[in-house]
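The structure's right below; bear with me while I get my questions together.
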Amino acid sequence: MQRNLKVCVINPNYYRSSGVTVVIKRLFEGSAKLNIDWHFITCDLGNKLETEFPAWLNSEKLLHLKILSNNPLLAILNLCKLLVFLESNNIDIVHVHHRRVAITIGWLLYLLNIPLIYTAHLTYGKSSIFKYTPIKRYLAISQSVKENIIATVGNKGIDMVYNPAPFEESPINIDKSRQNKVCCIARLEEVKNHIYLIESWKKAFGDRKDVTLTLIGEGSLKNKLLDTIKNLNLENSVFIKKYTSAIREEILSSSFMVLTSKVEGLPLVVLEAAGLGVPTLLTDADGSRDCVPPESILPNKISLEDSTAYSNALTDWMSNFNSIKLEGLRFHSYWKDRASPNAFATHHQKIYLENARR
């Protein structure tokens with residue numbers, strides 16, 4: 001009997017609020033019947049959270065290696081440990097979800113004849129080092145990301161693998177009671193551009209208390225955002241809630257979602273909302289613009305340089321409840337098949353089998 005395919009996933013961290021972590025989890029769970037043995041490696045990079053490693057990660061299959069350490073000796077030592085681990089466990093293929101990790105280990109894996117699969121989750125600036133890193137297969141999660149890879153390394157064989165999200169068979173009806181409630185689910189970090197969102201909200205609704213914006217997430221900017229809310233006298237309409245795994249409930253408490261990121265790959269929260277029939281107002285940023293259905297009617301893909309335009313869009317959305325409901329149908333219809341979790345896992349298995357060294 002042929003043994004299971006052995007796949008090793010490497011990521012800088014597995015923070016609970018990271019979209020990449022959720023994607024890896026869904027790949028892992030969706031492959032339960034696909035004869036794959038999984039191993040996971042964390043580089044312990046970033047600000048440590050007490051609950052960094054979610055329950056689904058089997059501690060026996062999770063290895064801590066500081067291959068991205070700024071200490072050269074420590075990094076080399078851990079790279080040696082990595083190679084020993086891969087060989088002793090007969091790993092067939094390594095799947096990396098971070099460009100710096102791919103650059104760091106690419107040539108070592110090449111010398112060992114271990115194929116490297118790289119999933120690009122963001123768009124990056126050009127890199128000569130990355131261009132010549134030996135990668136067996138590139139995976140892009142959106143058209144923006146695919147174009148970015150091509151601009152960096154050329155068209156060397158790129159698969160499109162949209163992020164996976166659960167989808168209701170039919171969109172859930174947006175109740176009238178949610179009309180004046182809006183939600184933003186995103187890490188409280190600079191790249192998510194919350195200040196732009198808060199300032200746009202102020203321009204759109206002033207001191208109105210009958211409309212509310214809830215920011216949900218965790219991150220280093222929490223106190224700065226609280227100060228901004230206070231300084232703009234928005235304490236009665238803009239709120240910050242801590243991270244929660246109950247994403248579905250938060251989405252269904254709102255008439256629509258907002259996301260003002262400066263850059264994305266393919267924001268998972270937009271797909272989560274689309275799966276319920278809830279639309280999202282986005283900025284014209286890499287990854288974010290790829291989420292908007294081509295047949296959308298309400299203003300969307302707003303300039304990152306113009307918070308007034310975003311405030312006008314907020315006003316339009318808030319005053320057109322029926323249009324919001326129709327927009328939710330469009331988001332659901334456009335993404336339902338593209339973001340299927342089952343198709344996502346099966347597609348990965350096919351890519352692994354085509355490229356594994358065994």
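Could you list, in sequence order, all residues of the stretch 265-294 that are under 21 Å from GLU199 (Cα atoms) and of a type in the set (Asp, Glu)?
Answer for the stretch 265-294, where residues must be under 21 Å from GLU199 (Cα atoms) and of a type in the set (Asp, Glu): just ASP284.
Another question, if that's okay. Which residues, taken from the stretch 257-305, are free of Cβ contacts under 8 Å to residues at least 40 places away in the same chain, closer than 19 Å to GLY217 by Cα and part of a loop (DSSP other than H, G, I, E, B)?
The one that is free of Cβ contacts under 8 Å to residues at least 40 places away in the same chain, closer than 19 Å to GLY217 by Cα and part of a loop (DSSP other than H, G, I, E, B): SER288.
Then there is this: Can you spot a residue in the stretch 42-60 that is in a helix (DSSP H, G or I), at pLDDT below 85 and over 24 Å from VAL269 (Cα atoms)?
For the stretch 42-60, residues in a helix (DSSP H, G or I), at pLDDT below 85 and over 24 Å from VAL269 (Cα atoms): present.
Can I ask one more? Having 1 or more residues that are of a type in the set (D, E, K, R) is the bar; report the strands (runs of 3 or more DSSP E) wholly within the stretch 68-181 that clear it.
137-140, 158-160
Among the listed residues LYS203, LYS224, which satisfies the condition of being in contact (Cβ under 8 Å) with a residue 40 or more places away in the chain, assigned to a helix (DSSP H, G or I) and on the phi < 0 side of the Ramachandran plot?
LYS203
Another question about this same structure. Sort out which residues of the stretch 55-74 are of a type outside the set (S, T, N, Q) and more than 27 Å from the chain's Cα centre (by Cα), and write them in order of number.
Hits for the stretch 55-74 are PRO72, LEU73, LEU74.
While we're on this one: Among the listed residues THR315, THR308, which satisfies the condition of being in a helix (DSSP H, G or I), β-branched (Val, Ile, Thr) and farther than 27 Å from ASP175 by Cβ?
Checking each option against the conditions leaves just THR308.
The values are calculated or read from the model by the stated rules, or taken from the named source; none is laboratory data. All figures in this text were calculated on a predicted structure; none of them were measured in a lab. Cβ: placed from backbone, ideal geometry, glycine included. Neighbour counts: every protein chain shown.
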